[in-house]
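Colleague: My questions will all concern the structure given below.
The values are calculated or read from the model by the stated rules, or taken from the named source; none is laboratory data. Bear in mind the structure is a predicted one, so any value in this text is a computation, not a measurement. No Cβ is skipped: glycine too gets one built from the backbone with ideal geometry, and neighbour counts run over all protein chains shown. Remember, those area values only see protein heavy atoms, side chains included, never the ligands or the DNA or RNA. Shrake-Rupley method; radii C 1.70, N 1.55, O 1.52, S 1.80 Å.
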Amino acid sequence: MKIKVTVKRGKEVKIYKVPFRLKMRVLDALLYIQENQEPDLAFRWNCGEGICGSCAAEVNGKAVLMCKEEVKENTKGITIEPLSVFPVIKDLVTDPSDVYKKLDKLKPYYTGAEQEKRFYKIFDKEIKETQEMRKCINCFICYDSCHVIRNHPDLKFTGPMNIVKAVAFDKHPKEKTGRAGLLEKEGLWNCNVTRCCTQNCPQKIKITENAIIWSKERSHDMKKGEE
Ligand code: F3S
Ligand code: FES
């Protein structure tokens, strides 16, 4: 049995037939096409195991990791497109550098931790909280899924991934800088909590609750303190 695989390649849409095998992933279909039909088909991947975060694309309209997304036996066909919020470099390869430019504004490094020389006891709960944020694999699926990013590109909004990164620093018990003020300047409140980022995160990070709402509460407390 062969399945129909439609791939958006720049302005062209190309259709391929790929032999189906049980438990195959979308990435397997692309590798088959590259090996047997179209050697110049461009897409990113490294680990094939959902760890490196490089293979994200939109499959049937939803941002997923292609190495984890199973092709079902009864599928009518799959359509693969690049992440739609980024400029395309070639085929499924996109340029997410804007997200990193936005991240630069959030002090993405530890501040003050080294100066703190005294013995410090870190509790399990604190470790778990910061570790949840550090599970992020930079796949950009949350960013691509967010309707604020998709529909309001001119609105100032750093996006869910960068909020997770900032909160990973903020939740470290030895970190001295609170980034709620910086996040606020970078559009934190433009998130209206639709939760698509959380629903689609392959690492199951509770982005909305544990990063975004957490930062909003801190930003709110900060303002109250200023009153
Ligand atoms: Fe976007 Fe996630 Fe907020 S999808 S609107 S960043 S809750
Ligand atoms: Fe590494 Fe998919 S290839 S996450």
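Colleague: Cβ-Cβ under 8 Å, sequence separation 6+ or interchain: first residue in segment 132-143 and farther than 9 Å from Val164 by Cα and more than 15 Å from ligand 1 (Cβ to nearest atom), partner open to solvent by 10 Å² or more (accessible area, probe 1.4 Å) and of a type in the set (Val, Ile, Thr). Which pairs?
Modeller: Pairs found: Ile137/Ile51.
Colleague: Cβ-Cβ below 7 Å, separation at least six or inter-chain, first residue in segment 50-77 and more than 13 Å from Thr6 (Cα to Cα), second within 10 Å of ligand 2 (Cβ to nearest atom) and among the acidic types (Asp, Glu): which pairs?
Modeller: Cys67/Glu49
Colleague: Which of (1) of a type in the set (D, E, K, R); (2) at pLDDT below 95; (3) farther than 18 Å from Ile213 by Cα is the odd one out, the single condition Lys128 does not satisfy?
Modeller: (3)
Colleague: Follow-up question, since we're still on this one. Please tell me if Lys128 is within 26 Å of Gly61 (Cα to Cα), surrounded by fewer than 21 Cβ atoms within 10 Å (Cβ to Cβ) and more than 16 Å from ligand 1 (Cβ to nearest atom).
Modeller: Taking the combined requirement at face value, the residue does not satisfy it.
Colleague: Among the residues of segment 134-148 satisfying the criterion of being over 12 Å from the mean Cα position of the chain (by Cα) and either under 18 Å from Ser84 (Cα atoms) or not charged (D, E, K, R) (or both), which is most open to solvent (accessible area, probe 1.4 Å)?
Modeller: His147
Colleague: Now a separate question. Any residue in segment 15-44 that's of a type in the set (D, E, K, R): show its pairings with residues that are open to solvent by 90 Å² or more (accessible area, probe 1.4 Å) at Cβ separation under 6 Å, as long as the two are six or more apart or on different chains.
Modeller: Listed by first residue and then by second, the contacts come to Lys17/Lys2.
Colleague: I've got another one for you. When segment 157-186 is examined, which residues are found to be surrounded by fewer than 18 Cβ atoms within 10 Å (Cβ to Cβ) and closer than 21 Å to Thr94 by Cα?
Modeller: Within segment 157-186, none qualify.
Colleague: Just one of (1) open to solvent by less than 80 Å² (accessible area, probe 1.4 Å); (2) within 25 Å of Tyr143 (Cα to Cα) trips up Val13, so point out which.
Modeller: Evaluating Val13 over (1) open to solvent by less than 80 Å² (accessible area, probe 1.4 Å); (2) within 25 Å of Tyr143 (Cα to Cα) leaves (1) as the failure.
Colleague: If Asp91 passes every condition in (1) open to solvent by less than 60 Å² (accessible area, probe 1.4 Å); (2) under 25 Å from Thr208 (Cβ atoms); (3) touching a Lys or Arg at 6+ places or on another chain (Cβ under 9 Å); (4) away from ligand 1 (no atom under 13 Å from the Cβ) but one, which one does it miss?
Modeller: (2)
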